[in-house]
Each structure stands twice: as C-alpha cells, then as structure tokens.
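Undergrad: First, the structure itself, so that you have it in front of you.
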Amino acid sequence: MSEKSNVTSKPAIAGFLNLLTMLDNTLQEQLKNIFAALEAHYTFDIHVAPEHENRKELIDLLEEVATCSDKINCLIHEGEHLEFKLLKDDKATGISFRGIPTGHEFTSLLLAILNSDGKGKNFPDKTIANRVKALRGPIHLSTYVSLTCTNCPDVVQILNVMSVLNPSIHHEMIDGAIYQDEVERLKLQGVPAVFADGELLHVGRGEFGEILEKLEKRYGINASEIKQETQYYDVVVLGGGPAGSSAAIYSARKGLKVAVIAERIGGQVKETLGIENLISVPQTTGNELADHLRVHLQQYPIDILEHRRVDNITLKGKEKILTTTGGEIISTPALILATGASWRKLNIPGEAEYIGRGVAFCPHCDGPFYKGRHVAVIGGGNSGIEAAIDLAGICSKVTVLEFLDELKADQVLQEKARTISNIEIFTSRKSTRIIGNGDKVTGIEVENRTTGESQVIPLDGIFVQIGLSPNSSIVKELVKINRTGEIVIDGNCRTEIPGIYAAGDVSSIPYKQIIIAMGEGAKAALSAFDDRIRGII
C-alpha cells in the first residue's frame with residue numbers, strides 16, 4: 001500500500017470536472033430537476049486546509065451542485081485536512097465525506113441529500129427500517145473507498161440511509177487515495193472497508209441485510225421496538241435473481257398473493273459485468289438486468305421483502321413456516337427455492353485470516369490495490385481467465401493456478417491470455433496454504449498434482465475465482481441435496497416435499513445460465529399453480 005497510485009482518485013475527479021464543463025447546461029438541468037422537490041434546506045459544511053492539493057476540486061464541485069437549487073448552499077471553513085458534512089436546516093444529518101464524491105460516488109452525494117429529505121428509492125421497507133431504528137447507539141461508521149470501485153457506492157449509500165433512519169448513527173465516506181496515510185496504517189488491501197468505532201466491521205461488497213446483521217450483533221437492539229405478526233401468502237419465492245423473479249411474476253399473473261424474500265433483487269447476476277447471451281438482448285450488464293427485474297416485479301402486486309435472510313424453515317401440515325433473521329414469520333403452502341449460488345472459497349489455511357488483506361474475490365474492485373505487483377488468480381474457468389486478463393493491465397505479473405489438468409475457460413479467452421506476456425498459467429496445481437506476515441499476504445503454497453512436489457510462490461495478492469456453490473444450506477435437512485449441494489428436483493422443479501420447489505442455480509438442473517434460470521423459475525411457478533388447483537397443496 002505504499003504507492004499512492006494503488007487507489008486512484010485524481011483521474012476520476014478530473015474526469016467528472018471535465019464533464020461538468022462539457023455538459024454544464026445539461027447536467028445542471030438534470031440536477032435542478034432532481035432537487036426541485038426538496039423541502040428542507042441543506043448545507044455543505046466544508047472544512048479544508050488552505051494548502052490542500054484537492055481544495056479547489058472539492059469546492060468547485062460542491063458549489064456547482066449548490067447552484068442547482070436554492071435549497072442548497074456551501075459554508076467554507078479552514079480545516080486541517082479535507083472533509084465536509086451535510087447539514088439539514090443547520091443541523092447535522094450524521095452524513096459526512098472525507099474526500100471528493102465524484103466518479104461512482106457522485107450518486108452517493110445526491111442520494112445523501114434526497115434521503116435526508118425523506119426521498120429516494122433506496123429506502124428499505126418498514127420492517128427493515130424499524131430494525132435500523134432499533135439499533136443501540138451511538139455508532140460511528142467510516143467507509144474507505146476507491147472512486148473506481150463499483151461496489152463501494154452501494155455500501156456508502158446503505159450506511160448513509162441508516163444514518164438518516166437512526167440519529168444515533170454517524171457515517172463518513174473516506175477516499176483512500178486522499179487519506180493514504182490512514183490506508184497504510186490500517187493495512188487495507190480491499191474496498192469498501194467499513195470500520196465501526198475504529199474496528200473493522202466489513203470488507204467488500206455488502207448487502208443492506210448483511211451489514212445490518214453485523215451491526216445488530218455488535219451493538220444490540222431495543223427489541224421492544226420491533227413487533228412481528230405472521231404474514232400469509234399463496235406463494236413465497238426465496239431469492240430475487242432471474243429464477244426467483246420469473247417465478248414470482250408467473251405466480252402473480254395467476255392472481256395469487258406472492259412475496260419475494262431476498263437479500264437483493266438481481267442476486268448473483270449483479271456481479272456480472274457483461275451479458276451477451278440473453279437471447280433478444282444483444283448486450284447488457286448485470287446491474288442493468290437486475291434493475292429490469294425489479295421494474296418488472298413492480299408491475300405486479302408482489303411484496304418484495306428485500307434485505308432479509310431466512311434463518312429457519314419448518315413444516316406445519318401443508319404450510320411452510322419461514323422465520324427471518326429479524327424475527328418475521330411468513331407462512332405459505334407453496335415455497336419456491338431460488339436462492340442461487342455464491343462464490344466458492346478455497347477453505348485452506350490462511351484464507352479466512354487474510355480476506356481483505358491480500359485475499360480478494362473481485363478483481364474489478366480490488367485490482368487497483370495491486371498496481372505494479374504480483375498476484376495469483378485461482379481458477380482457470382471463464383471468470384478466472386477474464387480476471388487474469390483484466391489484472392494483467394494493472395499488475396506486474398499474474399499467475400493463474402488451475403487444479404485440473406487443463407483450463408476450463410472458453411478457447412477464445414485462453415488464446416487471449418496466452419498472448420499477454422505478464423500472464424503465466426500453471427495447471428494441475430492444488431492450492432494448499434496462504435502465507436502472510438500477520439499484516440498481509442506474502443505468498444501461496446501449491447502442490448504439483450503430477451509430481452507431488454510443493455512450492456511456495458512469493459506474491460502480493462490472491463484472487464479466488466473457483467466458481468459458485470449452491471445456497472442450499474437452509475433446506476439441507478428438509479429436502480434432498482446432492483453431493484455438490486444442489487437441491488434435487490424432477491423435470492417439473494418439484495422436490496420430494498409437496499409444495500416445495502426449486503429453480504435456477506441452486507437446483508440440480510444442468511447448465512447454470514441466466515436464460516435457463518428464468519425458464520426454470522417459470523416452470524416452478526406453473527408446477528406450484530398446477531398442484532394448487534389439483535388440491536395437492
């Protein structure tokens with residue numbers, strides 16, 4: 001972390017300021033429309049040292065934004081570093097920025113204002129909001145970000161919303177490029193990195209419910225403020241990815257009362273950058289597809305119970321009783337499991353200890369931390385070789401380690417990787433141990449499966465890309481699971497338990513593809529409806 005170039009912000013700042021100059025009228029008109037309905041008055045309370053190299057960029061940006069509404073103004077004070085707080089009617093909102101919110105974080109700035117005004121579409125539902133309000137404070141949260149990270153804004157915006165909902169929570173965004181001394185002192189090698197009162201709480205991509213659970217565990221809640229009643233639905237879909245969304249829409253079109261329970265709408269697909277094999281849609285991205293899934297779900301009277309994790313499922317006659325982490329109780333005769341899959345971990349010594357300190361799973365977010373350094377990519381499938389190609393443009397050297405005797409990636413990707421001089425590829429290599437010095441990764445131990453010899457490869461970072469594992473643990477004692485963790489289904493998506501169905505990547509259907517998951521979700525919904533009219537459930 002000694003090189004400032006490891007977390008870049010100046011290009012993002014310059015790029016956005018150029019955008020303000022080039023599209024001044026258009027952009028300002030858009031911001032005027034966004035802020036037109038503001039009810040309260042907001043102040044950017046700026047504290048910045050006179051000699052700070054980013055002083056002008058920060059003030060220029062905030063003054064540009066302030067000119068777009070008579071409800072926004074700037075106050076500039078001399079400070080020791082560079083930061084600003086968001087005030088609402090001259091009172092602190094609990095939201096502050098130590099950095100210049102450009103690049104991906106510009107949306108975080110806009111939403112901070114809208115959320116403080118009680119607006120914006122990123123508020124959780126009433127039940128989740130009440131859980132946030134029940135958190136015991138005071139809670140001081142700090143999130144270190146990179147302006148090139150696509151996951152950072154999601155976490156920043158989640159914690160800003162929590163600050164709005166619970167006045168005992170304060171959250172600050174910190175640009176690691178500007179505060180390199182802190183990044184080095186904390187030995188950070190992954191973003192976003194969230195600290196709670198000085199202690200590391202979370203690293204990497206995070207969902208609202210996941211982070212809320214961590215805060216509840218650390219700070220506790222006022223349980224008396226949360227009241228739960230059993231909710232009844234004709235169909236409950238567990239999972240909000242392509243399979244779950246399809247199942248919910250098909251069920252709702254039958255006139256049934258439907259709920260989707262999910263940590264996030266879109267599921268694992270949100271982590272896919274480019275999608276070019278969804279027939280009739282030549283090209284899209286994971287985020288765009290997830291947004292479209294949400295919009296389609298909202299066309300129907302479907303209850304979207306997002307930011308939740310189901311802790312327990314029991315059977316009571318024909319009813320399936322689900323209990324969430326927050327204590328909600330949901331009952332249904334028809335349960336469609338579409339929980340998808342998650343990134344597999346190596347599960348070898350050293351991995352857990354060095355996650356966020358040299359062990360990473362997202363090359364797009366954490367790659368910039370390894371500029372000019374040697375990294376390994378574990379896995380020779382499409383995701384692994386794509387990661388190696390991307391990292392080769394940042395890192396001095398990329399070593400690909402594949403367990404099998406040959407790579408599994410598409411031939412076109414293999415050919416591309418082999419033309420890049422700083423990529424080396426080893427097959428028949430078993431990763432056995434991750435080595436570190438207590439602060440960060442220094443190497444990886446691998447075994448040559450052909451000769452049996454062990455070797456330590458000195459390096460600075462490891463990106464794990466070994467595929468997905470079905471999210472089936474919640475029902476492993478309830479329905480049949482195969483040796484790879486998939487829920488076993490018949491050709492109609494039925495499990496052996498009447499009224500329980502599975503679809504998509506969590507099921508035993510072959511070929512884990514978006515388009516197949518959508519079809520399987522529809523099939524599961526139609527099977528559930530057929531069982532309903534036949535009196536089976």
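Undergrad: Cα-Cα pairs above 20 Å in segment 57-161: how many percent? Write out the running numbers ahead of the final one.
TA: Details: 2331 of 5460 pairs.
Percent of Cα pairs beyond 20 Å in segment 57-161: 43.
Undergrad: Could you give the radius of gyration (one decimal) and Dmax (whole number) of the Cα atoms in segment 157-242, in Å?
TA: 16.9, 55
Undergrad: Can you tell me what percent of all Cα-Cα pairs in segment 337-458 are more than 16 Å apart? Present the calculation step by step, with values, prior to reporting the outcome.
TA: Working: 4554 of 7381 pairs.
Here the tail beyond 16 Å accounts for 62 percent of pairs.
Undergrad: Using a cut-off of 15 Å between alpha-carbon atoms, which aspartates and glutamates can reach Lys408, once sequence neighbours fewer than 8 places away in the same chain are excluded?
TA: Glu386
Undergrad: Of Lys254/Lys523; Lys32/Lys71; Lys257/Lys523; Lys85/Lys371; Lys126/Lys227; Lys270/Lys480, which sit over 21 Å apart, Cα to Cα? Before the final figure, lay out each step's value.
TA: Numbers: Lys254/Lys523 13 Å; Lys32/Lys71 11 Å; Lys257/Lys523 18 Å; Lys85/Lys371 32 Å; Lys126/Lys227 11 Å; Lys270/Lys480 28 Å.
Pairs exceeding the cut-off: Lys85/Lys371; Lys270/Lys480.
Undergrad: Kirkwood hydrodynamic radius of segment 173-323 from all distinct Cα pairs, in Å?
TA: On the way: mean 1/r = 0.0544 Å⁻¹.
The answer is 18.4 Å.
Undergrad: Then there's this: Tell me the Kirkwood radius of segment 431-537: reciprocal of the mean inverse pair distance over distinct alpha-carbon atoms, in Å.
TA: Details: mean 1/r = 0.0586 Å⁻¹.
The answer is 17.1 Å.
Undergrad: Further, regarding this structure: Under 12 Å Cα to Cα from Lys88, which aspartates and glutamates show up? Leave out anything in the same chain fewer than 8 places away.
TA: Straight-line reach from Lys88, under 12 Å: Glu39, Asp45, Asp117.
Undergrad: Provide the descending list of Cα extents for the chain along its principal axes, expressed in whole angstroms.
TA: 74, 64, 45
Undergrad: Suppose accessible area is computed on protein heavy atoms with a 1.4 Å probe; arrange Phe84, Phe403, Phe123 from highest to lowest. Walk me through the numbers before you get to the answer.
TA: On the way: Phe84 0, Phe403 100, Phe123 65 Å².
So the residues, ranked largest to smallest area, are Phe403, Phe123, Phe84.
Undergrad: By its C-alpha gyration tensor, with a ≥ b ≥ c as the square roots of the eigenvalues, how is segment 240-340 shaped: rounded for a/c under 1.5, else prolate for a/b larger than b/c, else oblate? Write down the numbers at each step before the final one.
TA: Values: a/c = 2.46, a/b = 1.76, b/c = 1.40.
Since a/c reaches 1.5 and a/b is larger than b/c, the shape of segment 240-340 is classed as prolate.
Undergrad: Sorted from largest down, what three extents in whole angstroms do the Cα atoms of segment 201-255 have along their principal axes?
TA: Answer, in whole Å and largest first: 44, 32, 10 Å.
Undergrad: Ok, one more. Leaving out ligands and nucleic acids, and using a 1.4 Å probe, what accessible area per residue does segment 232-302 come to in Å²?
TA: Values: 3220 Å² over 71 residues.
The answer is 45 Å² per residue.
Undergrad: Expressed in nm to one decimal, what extension gain is obtained for the pair Ser280 and Glu29 from 0.36 nm per residue of sequence separation less their Cα-Cα distance? Can you show the working numbers first?
TA: Working: separation 251, 0.36 × 251 = 90.36 nm, distance 3.43 nm.
This chain segment gains 86.9 nm when fully extended.
Undergrad: Right, next: What is the projected area of the convex hull of the Cα atoms of segment 394-462, averaged over all directions, in nm²?
TA: Numbers: hull surface 21.1 nm².
Computed as one quarter of the Cα hull surface, the answer is 5.3 nm².
Undergrad: For Asp45, Asp490, Asp530, write out the residues from largest to smallest accessible area, computed with a 1.4 angstrom probe and no ligands counted. Don't skip to the answer; put the middle values down first.
TA: Working: Asp45 25, Asp490 70, Asp530 50 Å².
Highest to lowest solvent-accessible surface, that is Asp490, Asp530, Asp45.
Undergrad: Which order do Tyr232, Tyr501, Tyr250 take when ranked by solvent-accessible area (1.4 Å probe, heavy atoms of all protein chains), largest first? Intermediate values should be presented prior to the final figure.
TA: On the way: Tyr232 140, Tyr501 0, Tyr250 100 Å².
Putting Tyr232, Tyr501, Tyr250 in descending order of accessible area: Tyr232, Tyr250, Tyr501.
Undergrad: Which whole-percent values make up P(r) of segment 270-407 when all C-alpha to C-alpha distances are grouped in 10 Å steps starting at zero?
TA: Whole-percent P(r) values from 0 Å outward: 9, 25, 28, 24, 13, 2, 0.
Undergrad: Report the accessible area of Val479, computed with a 1.4 Å probe over the heavy atoms of all protein chains in place, in Å² rounded to the nearest 10.
TA: 10 Å²
Undergrad: Would you please give the FRET efficiency between Lys56 and Thr272, computed as 1/(1 + (r/R0)^6) with r the Cβ-Cβ distance and R0 = 35 Å, to the nearest 0.05? Walk me through the intermediate numbers first.
TA: Working: r = 38 Å, r/R0 = 1.10.
Once rounded, the FRET efficiency stands at 0.35.
Undergrad: Once you compute Rg and the Kirkwood Rh from C-alpha atoms, what is the Rg to Rh ratio for segment 108-148? Intermediate results must be reported in sequence, preceding the final value.
TA: Details: Rg = 12.7 Å, Rh = 12.4 Å.
Reported Rg/Rh (Cα atoms, Kirkwood Rh): 1.03.
Undergrad: Can you pull the percent of the chain's accessible area that's carbon plus sulfur, 1.4 Å probe, other chains left in place? Present the calculation step by step, with values, prior to reporting the outcome.
TA: Details: 11840 of 23640 Å².
The computed percentage sits at 50.
Undergrad: Separate question: Per DSSP helix of 4 or more residues, -39500 (n - 2.57); summed, then divided by the residues of the chain. What does that give at 222 nm, rounded to the nearest 500?
TA: Details: 14 runs with 155 residues, N = 537.
About -9000 deg cm²/dmol.
Undergrad: With every protein chain in place, what's the accessible area of Lys316 (1.4 Å probe, Å², nearest 10)?
TA: 150 Å²
The values are calculated or read from the model by the stated rules, or taken from the named source; none is laboratory data. It should be emphasised that the depicted structure is a prediction, and the values quoted were computed from it without experimental measurement. So basically every Cβ, Gly included, is an ideal-geometry build from the backbone, and we count neighbours across all protein chains shown. Just the protein is used for accessible areas: all its heavy atoms, side chains included, with ligands, DNA and RNA removed. Shrake-Rupley method; radii C 1.70, N 1.55, O 1.52, S 1.80 Å.
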